[in-house]
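The values are calculated or read from the model by the stated rules, or taken from the named source; none is laboratory data. Only a predicted model underlies this, so the values are computations on that prediction, with no experimental measurement involved. Here Cβ is always computed from backbone atoms with ideal geometry, including for glycine, and neighbour counts include all displayed protein chains. The accessibility values were calculated without ligands, DNA or RNA, using every heavy atom of the protein model including side chains. Shrake-Rupley method; radii C 1.70, N 1.55, O 1.52, S 1.80 Å.
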Amino acid sequence: QKGQEYIKKMFPVGSSGGGIFFFSILSIAFFVWLSTGFYLVSEGEVGVEQRFVIYTITTQPGLRYHFPMPIESATVIRVAQINQVVSGIQVKSNKALMGEESSNLMLTGDENILSLIFSVLWFIKDPVKYLFTDPDPQQTVKLAAESAVREVIAQTQIAEVLTKGKDKIVSDSKKLLQKMLDEYGVGIEVQQVNLLEV
């Protein structure tokens, strides 16, 4: 009852006080909503903006603004970062944990079986394709790399794999992997393929 009396005293019936108070609250809420559209893009990053889930623009480093959700949204991606994928068994203390896993076992051109563990270093060259083409680019790079290296090893004699042929394996694998990723359209550039253990 005291609360009702207080409200009546503050905003008498017929006065414009209630309307002004309500308008003030709405105005504050509106400006707070507008302020959520600011975002920061740091060096080595780009921002990818969408309007109603449709790509509109890629923004460069600096303080940027887009219309707040649900009208527009922005995703900041670190394009300067080098990512790494290790195939087959993860490497621990420079030793492969072999176990019963067979994803790192490959057949050479002269029908020998070898255990090969390698890593791939990659970075994002097209943020738009990277964001919208593949839901799991890391896994795509891993599977494509294993397929590419397997194909190169299948055309190589085991003696070459264990001696002077390693550089050619790395070079051919990188070229084939990049070709596969370009065909997938995932916006990824392969920087390097490294043989960790043969």
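Within region 174-187, residues that are of a type in the set (G, A, S) sit with their Cβ atoms under 7 Å from residues that are open to solvent by 30 Å² or more (accessible area, probe 1.4 Å) and in a helix (DSSP H, G or I), at 6+ positions apart or across chains, in these pairs: G185/K129; G187/V128; G187/K129; G187/Y130. For the condition assigned to a helix (DSSP H, G or I), buried (at least 16 other Cβ atoms within 10 Å of the Cβ) and among the polar types (S, T, N, Q), T156 does not qualify. Of all residues in region 159-194, those satisfying the criterion of being open to solvent by 20 Å² or more (accessible area, probe 1.4 Å), of a type in the set (A, V, I, L, M, F, W, C) and closer than 25 Å to V79 by Cα are V170, L176, M180.
Taking region 59-74 as the region of interest, how many residues are in contact with a Ser or Thr (Cβ under 8 Å, 6 or more places away or on another chain) and within 24 Å of D126 (Cβ to Cβ)? Talk me through it step by step, then tell me what you get.
Filtering region 59-74 down to residues in contact with a Ser or Thr (Cβ under 8 Å, 6 or more places away or on another chain) leaves 61, 66, 68-69, 72, 74.
Then keep just the ones that are within 24 Å of D126 (Cβ to Cβ); that gives 61, 66, 72, 74.
Selection size over region 59-74: 4.
Among the residues making up region 38-89, those that are of a type in the set (A, V, I, L, M), in contact (Cβ under 8 Å) with a residue 40 or more places away in the chain and open to solvent by 60 Å² or more (accessible area, probe 1.4 Å) are A80, I82.
Just to be sure, is T140 open to solvent by 10 Å² or more (accessible area, probe 1.4 Å), in a helix (DSSP H, G or I) and among the β-branched types (V, I, T)? Judged against the criteria, T140 is a match.
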